[in-house]
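Okay, so here's the structure we're looking at.
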Amino acid sequence: MTDDRTFVIVGASQAGGWVANSLRSEGFEGKIILIGEEEHIPYERPPLSKEALLGDVSVESTYFWKKQTLEESKIDLRLGTRVSSIDRTAKKVITENGEEISFNKLAITTGARVRKLSIEGSQLPGVFYLRTIDDTLEIKNQITKGSNALIIGGGWIGLECAATLTKLGCKSIVVEAADRLCGRAVTPEISNWMLDYHSKNGVDIHLNTGIDIFQGKEKLESAVLSNGEKVDCTVAVVGIGVIPNSELAADAGLDVDNGIVVNEQTQTSDPDIYAAGDVANHPNAILRRRIRLESYENAQNQGIAAAKAMLGNSEPYSEIPWFWSDQFDANIQMIGIPENWDTTATRGKPENNEFVTFYLKNGVIDGAISINNPRDLRFGKRLMQEKKQVSVEDLSNMGIKLQALLRS
Amino acid sequence: MTDENIEFHAVATTSEVTEDEPKAVSIGRLDVGIYQLDGEFYAIDDICTHAYACMTDGYIEDGQIECPLHGACFDIKTGKALTAPATIDLRPYPVKVDGDQISVGVPKVDD
């Protein structure tokens, strides 16, 4: 018996790619149409601020799947195609060119776009954002060894960029409006560790500092900071956050509130429409609140969950959030979103750049951040999942293996 | 791969490889991880097929090794890629145990 249904996915992103591939691996035999605005098949974003910017890898190597693999899976790829609206009554998406594509079920995986600066000079060539492969290639073409690179925003993207541009021989200058680095994501002591680590690696960091104007005749030549200081620079990279691409859903009348509102099964307010990845705002049972995550793991696993849900699986999607970043020689990983902890335990030596800090609430791990110790962090995740009662003494004692605490 | 084309290398002792702590070894240009499961020893490629990471730094549970970087899981006995983001298997190698000596068989390299 053939399946004559058509499942359409808008957004050829990491999440969209996983929806498409998982539909097939879960046995869906109907038609799958994956529509993407960019000309690229789904690609990995982590290398864009690291290996791909350094020039160590090719663009093709960032693709999640080979084009041939997607074709063999009979995934109908429509690249360079922007969807302009969804007609929920007729169950069609309408592309910018007026093409109408009918669906039985639809997944929206449109991700997020960079938040832009609108200050004097922000249109000058040399002012960049980093979100896409094309952004990376453009930045790479513009940088010259020995020149100043100004980075606006001391978050993950800004700091990864600062590290890579330093490796490429630029002088990286980071301005951050808040009083600490990565303030939205990490705890104050980790912010301090990052400040110290980047400073030791030659990055010039200015906290409590914004940007007033970019200057230059035909292209960027300098910038004036909020403290009045003028900085010469040939390149500026702005990393001040992203905005979910939820307009398509909002225009179609779906519930939207900091992203597309979905239930535990990634279903939107229309039961035939699903959403996953950076654009989706889901109820997380572990965090006991709604959250929109901007992470690799969420884009992948929520995409897989959406595919299963589209096929009738009712298993809820709820995972402990997990993030990572690579900056210079530090692999930074985080589990949970530690809030309201009552005590902390540090395992290892921060001064050696190899440690994990656990955040505990009532004797249970509420989150953790590791620097160059992914293994202990992983055991921490397991302890957190099982809500094990643990003591600061045991967690901090390198003589006690964390796997032993799991068994106790 | 026939037997004549495989060369065994003594690379570890049984006490160096526990259920919790695998051992990473280099054999020529190959990076291999040696594991113990239920008293048996297994050897698979140590570099994740998805991105550059040493699998032996990962997390072991239920006969699977989870990559420390991006969380892909592989079957320790067969090297089979079990979860995203990996789609390519790790290569398994034959293992011989003689007394407390563990040897791993890898393809012969012509000098």
If you go through B:57, B:31, the only one that is within 24 Å of residue A:330 (Cβ to Cβ) and touching a helix residue (DSSP H, G or I) at 6+ places or on another chain (Cβ under 6 Å) is B:57
If we keep only residues of the stretch A:355-377 that are over 24 Å from residue A:326 (Cβ atoms) and crowded, with 17+ Cβ neighbours inside 10 Å, then the residue farthest from the chain's Cα centre (by Cα) is A:360
Within the stretch A:86-116, the residues that are surrounded by fewer than 13 Cβ atoms within 10 Å (Cβ to Cβ) and either within 14 Å of chain B (Cβ to nearest Cβ) or among the small types (Gly, Ala, Ser) (or both) are A:90, A:98
Restricting the stretch A:294-327 to residues that are hydroxyl-bearing (Ser, Thr, Tyr) and farther than 26 Å from residue A:162 by Cβ, the one farthest from the other protein chains (Cβ to nearest Cβ) turns out to be A:314
Picking from B:106, B:97, the residue that is crowded, with 20+ Cβ neighbours inside 10 Å, away from chain A (no Cβ under 12 Å) and in a strand (DSSP E or B) would be B:106
### Query
Does residue A:380 satisfy the condition of being within 17 Å of residue A:186 (Cβ to Cβ), surrounded by 22 or more Cβ atoms within 10 Å (Cβ to Cβ) and outside the structural domain of residue A:165 (by TED's automatic domain parsing)?
yes
Filtering the stretch A:349-372 down to residues that are touching a residue at least 40 places away in the same chain (Cβ under 8 Å) and either part of a helix (DSSP H, G or I) or within 20 Å of residue B:61 (Cβ to Cβ) (or both) yields A:350
When every residue in the stretch A:333-351 that is over 19 Å from the mean Cα position of the chain (by Cα) and at pLDDT below 95 is compared, the one nearest to the other protein chains (Cβ to nearest Cβ) is A:349
Filtering the stretch A:378-407 for residues that are within 12 Å of another protein chain (Cβ to nearest Cβ), in a helix (DSSP H, G or I) and more than 26 Å from the chain's Cα centre (by Cα) leaves a count of 5
Review point. Given the structure, is residue B:43 closer than 25 Å to residue A:404 by Cα, surrounded by fewer than 18 Cβ atoms within 10 Å (Cβ to Cβ), within 10 Å of the chain's Cα centre (by Cα) and at pLDDT 95 or above?
Key: no
Filtering the stretch A:258-287 down to residues that are of a type in the set (D, E, K, R), more than 19 Å from the chain's Cα centre (by Cα) and more than 17 Å from residue A:315 (Cα to Cα) yields A:270
Restricting the stretch B:62-71 to residues that are assigned to a loop (DSSP other than H, G, I, E, B) and touching a helix residue (DSSP H, G or I) at 6+ places or on another chain (Cβ under 9 Å), the one farthest from the other protein chains (Cβ to nearest Cβ) turns out to be B:67
Output for Cβ contacts, cut-off 6 Å, separation at least six or different chains, first residue over 23 Å from residue A:278 (Cα atoms) in the stretch A:45-63, second polar (S, T, N, Q), reads A:54/A:164
If we ask which residues in the stretch A:196-220 are in contact (Cβ under 8 Å) with a residue 24 or more places away in the chain and either within 24 Å of residue A:327 (Cα to Cα) or not in a strand (DSSP E or B) (or both), their number turns out to be 17
Taking the criterion of being among the hydroxyl-bearing types (Ser, Thr, Tyr) and touching a His at 6+ places or on another chain (Cβ under 7 Å), would at least one residue in the stretch A:385-402 satisfy it? no
Residue set A:149, A:107; condition of a type outside the set (S, T, N, Q), within 29 Å of residue A:78 (Cβ to Cβ) and in a strand (DSSP E or B); output residue A:107
Restricted to the stretch B:67-79 and to residues being buried (at least 16 other Cβ atoms within 10 Å of the Cβ) and modelled with pLDDT of 95 or more, the residue nearest to residue A:17 (Cα to Cα) is B:73
Residue count, the stretch A:48-82, condition at pLDDT below 95, assigned to a loop (DSSP other than H, G, I, E, B) and of a type outside the set (A, V, I, L, M), comes to 7
Given (1) without any contact (Cβ under 8 Å) to a residue 40 or more places away in the chain; (2) assigned by TED's automatic domain parsing to the domain that holds residue A:33; (3) of a type outside the set (Lys, Arg); (4) surrounded by fewer than 17 Cβ atoms within 10 Å (Cβ to Cβ), residue A:123 misses just (2)
Note on residue B:77: of the conditions (1) part of a strand (DSSP E or B); (2) away from chain A (no Cβ under 14 Å); (3) of a type outside the set (A, V, I, L, M), unmet is (1)
From the option list B:84, B:24, B:10, single residue qualifying as within 11 Å of chain A (Cβ to nearest Cβ) and of a type in the set (A, V, I, L, M, F, W, C) is B:84
Condition set of a type in the set (Asp, Glu) and surrounded by fewer than 16 Cβ atoms within 10 Å (Cβ to Cβ), scope the stretch A:267-316, selection farthest from residue A:92 (Cα to Cα): answer is A:315
Q) without any contact (Cβ under 8 Å) to a residue 40 or more places away in the chain, within 10 Å of chain A (Cβ to nearest Cβ), among the acidic types (Asp, Glu) and in a strand (DSSP E or B) - does that describe any residue in the stretch B:54-61? A) yes
Among A:45, A:24, the single one that is within 16 Å of residue A:5 (Cα to Cα), surrounded by 15 or more Cβ atoms within 10 Å (Cβ to Cβ) and either at pLDDT below 95 or within 14 Å of another protein chain (Cβ to nearest Cβ) (or both) is A:24
Going through (1) more than 14 Å from chain B (Cβ to nearest Cβ); (2) touching a strand residue (DSSP E or B) at 6+ places or on another chain (Cβ under 9 Å) one by one, residue A:330 fails only at (1)
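The values are calculated or read from the model by the stated rules, or taken from the named source; none is laboratory data. Because the structure is predicted, anything quoted here is derived from the model rather than measured. Here Cβ is always computed from backbone atoms with ideal geometry, including for glycine, and neighbour counts include all displayed protein chains.
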